[in-house]
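Colleague: Below is the structure I would like to discuss, written out as structure tokens.
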Amino acid sequence: MIKHKLAAQLYTLRNEVKKDFPAVLRELSKMGWAAVQIDGLHGYSAREISSVMKEVGMQTAGMHVGLERMKHDLEAVLEEADLFGTKDFICHSLPDGLQTPEGYASVRKDLLDVAAKVKGTEYRAGYHNHDFEFHTTIDGKFALEYLLEDPAVYAEIDTYWVLKAGHDPLSFIRNYANRMPILHLKDMTADGKQYFAEIGTGLIDFAPILKWGLENGVEWFAVEQDYCPGKPMDSLAISLENLLKLEKTL
């Protein structure tokens, strides 16, 4: 069953949550999403948002957090994780200046330092990729593989960005069996423009990806669409509908 493992990544709705975060959560719950992945609080308090989520019966599929917060504000990050009832806090991206071999070396050290601080607890520190981590190689590995080499740092692989970098998403995620609690589902348009698409409308075959995830420790499938052709809520509705159709084929 994947219905209870589907989460909407709130970066998709970043403009909407700035206007009325509670209303967005209520609408997503009515739509049928089991969870959301937090991507900033946009002026709201964690306590307020967690209260609304409890009210509507939604869970939290991890939190996206900047590397600087992970390094310098870890106590507050973990307090938010507690409020949201999640174990996972994931570095969502890197600034341009760190996308060099030296930069990746410092990032890996930082991620491992953070992971060491939560070792022996239920918390899990992770890293979310884009395509740029495939543009640099270190010790014969892609920078992404280098960052995730130590299993103390959990993977959060994004299917779209793997394909954008020229690799097969299913083949790549197989390297992270049972150390990827959250998998990012994102489709790519089939029109040659390689743009963001609703799940099930583009190039990526998600059925084997979902099947693999269910068999290899994925706890949440988080749907993210960076940019949508119309209303982001409509795009998420299409993705959810198509995922639920796929579930029947698994």
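The values are calculated or read from the model by the stated rules, or taken from the named source; none is laboratory data. What you are looking at is a predicted structure, and each value in this text was computed from that prediction instead of being measured. Don't worry about glycine lacking a Cβ; one is built from the backbone with ideal geometry, like all the others, and counts go over all protein chains shown. Please note that ligands, DNA and RNA were not included when accessible areas were found on the heavy atoms of the full protein model with its side chains. Shrake-Rupley method; radii C 1.70, N 1.55, O 1.52, S 1.80 Å.
Colleague: Apply the Karplus parameterisation 6.51 cos²θ - 1.76 cosθ + 1.60, with θ equal to phi minus 60°, to every residue of the range 50-60 and state each ³J(HN,Hα) to the nearest whole Hz, in sequence, with x for glycine and proline.
Modeller: 5, 5, 5, 4, 5, 4, 9, x, 9, 9, 10
Colleague: Which cross-chain or sequence-distant (5 or more) residues have an amide H under 5 Å from the amide H of G126, H modelled 1.01 Å from N in plane?
Modeller: Counting only residues 5 or more places away or on other chains, the set is F89, I90, C91, Y154.
Colleague: Using a 1.4 Å probe, what is the accessible area per residue for the range 154-225, in Å²?
Modeller: That works out to 36 Å² for each residue.
Colleague: Right, next: List the residues whose amide H sits under 5 Å from the amide H of Q59, counting only those 5 or more places along or on another chain, with H placed 1.01 Å from N in the peptide plane.
Modeller: The list, which skips near neighbours in sequence, is A35, V36.
Colleague: Also: Amide H neighbours of I138 under 5 Å, at least 5 residues apart or on other chains, H built in the peptide plane: list them.
Modeller: So I138 has HN proximity to A143.
Colleague: Turning to a different aspect of this structure: By the gyration tensor of its Cα atoms, with a ≥ b ≥ c the square roots of the eigenvalues, what is the shape of the range 1-77: rounded for a/c under 1.5, prolate for a/b over b/c, or oblate?
Modeller: Values: a/c = 1.86, a/b = 1.46, b/c = 1.27.
It comes out prolate by the Cα gyration axes.
Colleague: Here's a follow-up. Provide the per-residue ³J(HN,Hα) series for the range 136-144, in order, calculated from phi with Karplus coefficients 6.51, -1.76, 1.60 and θ = phi - 60°, each as a whole number of Hz, with x at glycine and proline positions.
Modeller: 10, 10, 9, 6, x, 10, 4, 4, 5
Colleague: Could you please state, rounded to a whole Å, how far the C-alpha centre of the range 106-128 is from the C-alpha centre of the range 5-49?
Modeller: Taking the Cα centre of each part, the range 106-128 and the range 5-49 sit 25 Å apart.
Colleague: Taking only C-alpha pairs under 8 Å that are 6+ residues apart, what is the relative contact order of the range 126-250 in percent? Could the numbers behind the result be given before it?
Modeller: Values: 183 pairs, mean separation 25.1, N = 125.
Normalised by residue count, the contact order of the range 126-250 is 20 percent.
Colleague: Can you show me the helix-derived [θ] at 222 nm for the chain, built from DSSP H runs with n ≥ 4 at -39,500 (n - 2.57) apiece and divided by the number of residues, rounded to the nearest 500.
Modeller: Helix contribution divided over all residues of the chain: -12500 deg cm²/dmol.
Colleague: How do the peptides 57-65, 187-195 rank, highest first, by the average count of neighbouring beta carbon atoms within 10 Å per residue? Can you show the working numbers first?
Modeller: On the way: 57-65: 21.8, 187-195: 14.0.
In descending order of packing, they fall as 57-65, 187-195.
Colleague: In addition: Ignoring ligands and nucleic acids, what accessible area does F196 show with a 1.4 Å probe (Å², nearest 10)?
Modeller: For F196, solvent-accessible area is about 20 Å².
Colleague: Taking the simple approach of a point 7 Å from Cα along Cα-to-Cβ for both D96 and L78, what is their distance in nm?
Modeller: Distance between the two pseudo-spin positions: 3.6 nm.
Colleague: In percent, what relative contact order does the chain have, based on Cα pairs under 8 Å that are 6 or more apart in sequence? Provide the component values of the computation, followed by the final result.
Modeller: Details: 415 pairs, mean separation 45.6, N = 250.
Relative contact order comes out at 18 percent.
Colleague: May I pose another question? Take the cross-link list K18/K87; K30/K87; K119/K211; K5/K30; K109/K164; K87/K117 and give me the ones stretching past 18 Å between alpha-carbons.
Modeller: Beyond 18 Å: K18/K87; K30/K87; K119/K211; K109/K164.
Colleague: Quick one: check the C-alpha center-to-center distance for the range 52-91 versus the range 156-217, whole angstrom.
Modeller: One Cα centre to the other: 24 Å.
Colleague: Sticking with this one: Please list 3J(HN,Hα) in residue order for the range 213-229, calculated via the Karplus relation 6.51 cos²θ - 1.76 cosθ + 1.60 where θ = phi - 60°; whole Hz, with x for glycine and proline.
Modeller: Per-residue couplings from phi come out as x, 5, 8, 9, x, 6, 9, 9, 9, 9, 8, 10, 9, 4, 9, 10, x Hz.
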